[in-house]
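Peer 1: One structure, as structure tokens, below. Some questions next.
The values are calculated or read from the model by the stated rules, or taken from the named source; none is laboratory data. Just so it is clear, the structure is predicted and the values come from calculations on it, not from any experiment. Cβ placement follows ideal geometry from the backbone for every residue including glycine, while neighbour counts extend to all protein chains displayed.
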Amino acid sequence: MAAEALDLLVHDPAGLYVDGTLGEAGHASLILDRLTAGGFLFGVDRDPQALRSAALKLGSRAERARLIHGNFRDLAPLLPAEVHGRLSGVLLDLGLRSDALDDPARGFTFQADGPLDMRFDPSVGESAAELLARLSLADLTRIFEEGTTRADPRRLARAVVAWRKERKLATTGDLVRCLRSALGRWTTPKLLASVFSAVRMEVNHELSDLEEALRIVPTLLRTGGVLCVLSYQSQEDRRVKALRRAVFTDPTTGTSFAMESLTRRPLGPSRDEARRNRRARSARLRAFRRMAATTAS
């Protein structure tokens, strides 16, 4: 859905843009292709490996970009103060990079055995193994309940607690075996994927990071600036959708403003794209434009 996102995002070829989920610079490359000499891009990612890959992909085009190691929830301190309130557009693609998802060493996939890590930035925070070893039955139940699992969340939580009493949950294979011990023949690939997704989102604080970004990013846009978000989970899309009703305060002027929805309904992938890329099937694109100030404080 890159073309649809960029058609909404890049409305000023000489503007300042942010790709808050840089990945391997797929979107960033396309953004730079649409910018004139006066345009500039900030690319942010919390995964150091992604930043290295992005720098290689951008090549000489990196002269019109600045790559920043960090979390998009921290865009305000990560970006130079002089661009606050001047951004023409911000893109957030909440999907996981395919190369990271397929790498057993990162611990995101249930299809190969590897360390139970799941951190976007392996140098920060708890791994999935550490988290699952620490959380209470109630917290584990909450994670599975809030996730996209299609099984009894308390049953899954009890399975984790019972497993860790006797042995460690150290690898992705351990977690798969733990789930199978509780669910038997009901342990489908779809269910495993949803459990792994729920744990990954907790490890990386994905929903709270998104909430913070949605609170801050509109204040960094100029009037008429656009925020585009590609989400893949219903919990993410609900939070993005709520921007339609939110009111923000400009930190410089104290005036209030709202965000106008540019997508009456979330845009999904075409049938052809969904056929070519199975991981894009659940993608939902919403775009919003910062409106002019309405009232003074």
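Peer 1: Looking at (1) more than 30 Å from residue 3 (Cβ to Cβ); (2) of a type in the set (A, V, I, L, M, F, W, C); (3) touching a Cys at 6+ places or on another chain (Cβ under 8 Å), find the lone condition where residue 90 falls short.
Peer 2: (1)
Peer 1: Of all helices (runs of 4 or more DSSP H) completely enclosed by the stretch 126-168, which ones contain at least 2 residues that are within 16 Å of residue 193 (Cα to Cα), within 22 Å of the chain's Cα centre (by Cα) and in the same structural domain as residue 184 (by TED's automatic domain parsing)?
Peer 2: 137-146
Peer 1: With respect to residue 146, determine if the residue is of a type outside the set (Ser, Thr, Tyr), touching a residue at least 60 places away in the same chain (Cβ under 8 Å) and either surrounded by 17 or more Cβ atoms within 10 Å (Cβ to Cβ) or farther than 25 Å from residue 240 by Cα (or both).
Peer 2: no
Peer 1: Would you please list the contacts, defined by Cβ atoms under 7 Å and residues six or more apart or on different chains, that run from a residue in the stretch 82-111 that is in the same structural domain as residue 237 (by TED's automatic domain parsing) and closer than 21 Å to residue 228 by Cα to a residue that is surrounded by 23 or more Cβ atoms within 10 Å (Cβ to Cβ) and polar (S, T, N, Q)?
Peer 2: 92/21; 93/21; 94/21; 94/231
Peer 1: Does residue 76 count as assigned to a helix (DSSP H, G or I), out of contact with any strand residue (DSSP E or B) (no Cβ under 7 Å at 6 or more places or on another chain) and of a type outside the set (D, E, K, R)?
Peer 2: So residue 76 fits the description; yes.
Peer 1: Okay, next question. Given the options 182, 274, name the one that is in the same structural domain as residue 158 (by TED's automatic domain parsing), in a helix (DSSP H, G or I) and surrounded by 15 or more Cβ atoms within 10 Å (Cβ to Cβ).
Peer 2: 182
Peer 1: OK, next. List the number of the failed condition for residue 131; all other conditions in (1) out of contact with any helix residue (DSSP H, G or I) (no Cβ under 6 Å at 6 or more places or on another chain); (2) surrounded by 14 or more Cβ atoms within 10 Å (Cβ to Cβ) hold.
Peer 2: Result: residue 131 fails condition (1) only.
Peer 1: If residue 60 meets every condition in (1) closer than 23 Å to residue 285 by Cβ; (2) out of contact with any helix residue (DSSP H, G or I) (no Cβ under 7 Å at 6 or more places or on another chain); (3) in a helix (DSSP H, G or I); (4) polar (S, T, N, Q) apart from one, which number is that one?
Peer 2: With respect to (1) closer than 23 Å to residue 285 by Cβ; (2) out of contact with any helix residue (DSSP H, G or I) (no Cβ under 7 Å at 6 or more places or on another chain); (3) in a helix (DSSP H, G or I); (4) polar (S, T, N, Q), residue 60 is out only on (1).
Peer 1: Here's another thing I want to ask about it. May I ask you to say which residue of 6, 41 is assigned by TED's automatic domain parsing to the domain that holds residue 85 and crowded, with 23+ Cβ neighbours inside 10 Å?
Peer 2: 41
Peer 1: Right, residue 55: closer than 20 Å to residue 31 by Cα and either part of a loop (DSSP other than H, G, I, E, B) or under 15 Å from the mean Cα position of the chain (by Cα) (or both) or not?
Peer 2: In short, no.
Peer 1: Within the stretch 245-263, take every residue that is assigned to a loop (DSSP other than H, G, I, E, B) and under 22 Å from the mean Cα position of the chain (by Cα) and give me the one that is nearest to residue 226 (Cα to Cα). So that I can check it myself, show each step before the final result.
Peer 2: Step one: list which residues in the stretch 245-263 are assigned to a loop (DSSP other than H, G, I, E, B), which gives 246, 250-255, 262-263.
With under 22 Å from the mean Cα position of the chain (by Cα) added as a condition, the list becomes 246, 262-263.
Values: 246: 15, 262: 9, 263: 12 Å.
Looking at residues that are assigned to a loop (DSSP other than H, G, I, E, B) and under 22 Å from the mean Cα position of the chain (by Cα), I get 262.
Peer 1: Hey, another quick one. Looking at the stretch 65-78, is at least one residue free of Cβ contacts under 8 Å to residues at least 40 places away in the same chain, of a type in the set (Lys, Arg) and assigned by TED's automatic domain parsing to the domain that holds residue 12?
Peer 2: There is at least one residue in the stretch 65-78 that is free of Cβ contacts under 8 Å to residues at least 40 places away in the same chain, of a type in the set (Lys, Arg) and assigned by TED's automatic domain parsing to the domain that holds residue 12.
Peer 1: Which count do you get for residues in the stretch 25-38 that are surrounded by 19 or more Cβ atoms within 10 Å (Cβ to Cβ) and over 29 Å from residue 205 (Cβ atoms)?
Peer 2: Summing the residues that are surrounded by 19 or more Cβ atoms within 10 Å (Cβ to Cβ) and over 29 Å from residue 205 (Cβ atoms) in the stretch 25-38 gives 2.
Peer 1: Moving on to the next point. Would it be correct to say that residue 154 is more than 22 Å from residue 209 (Cβ to Cβ) and of a type in the set (Lys, Arg)?
Peer 2: Yes, satisfied.
Peer 1: Can you name the residue in the stretch 168-194 that is at pLDDT below 90 and basic (Lys, Arg) and is also nearest to residue 104 (Cα to Cα) among such residues?
Peer 2: 190
Peer 1: Same structure again: From the list 156, 137, 132, pick out the single residue that is under 25 Å from residue 71 (Cα atoms) and touching a residue at least 24 places away in the same chain (Cβ under 8 Å). Even if it seems obvious, please write down each step before you answer.
Peer 2: Values: 156 fails: under 25 Å from residue 71 (Cα atoms); 137 fails: under 25 Å from residue 71 (Cα atoms).
Result: 132 is the single residue among 156, 137, 132 that is under 25 Å from residue 71 (Cα atoms) and touching a residue at least 24 places away in the same chain (Cβ under 8 Å).
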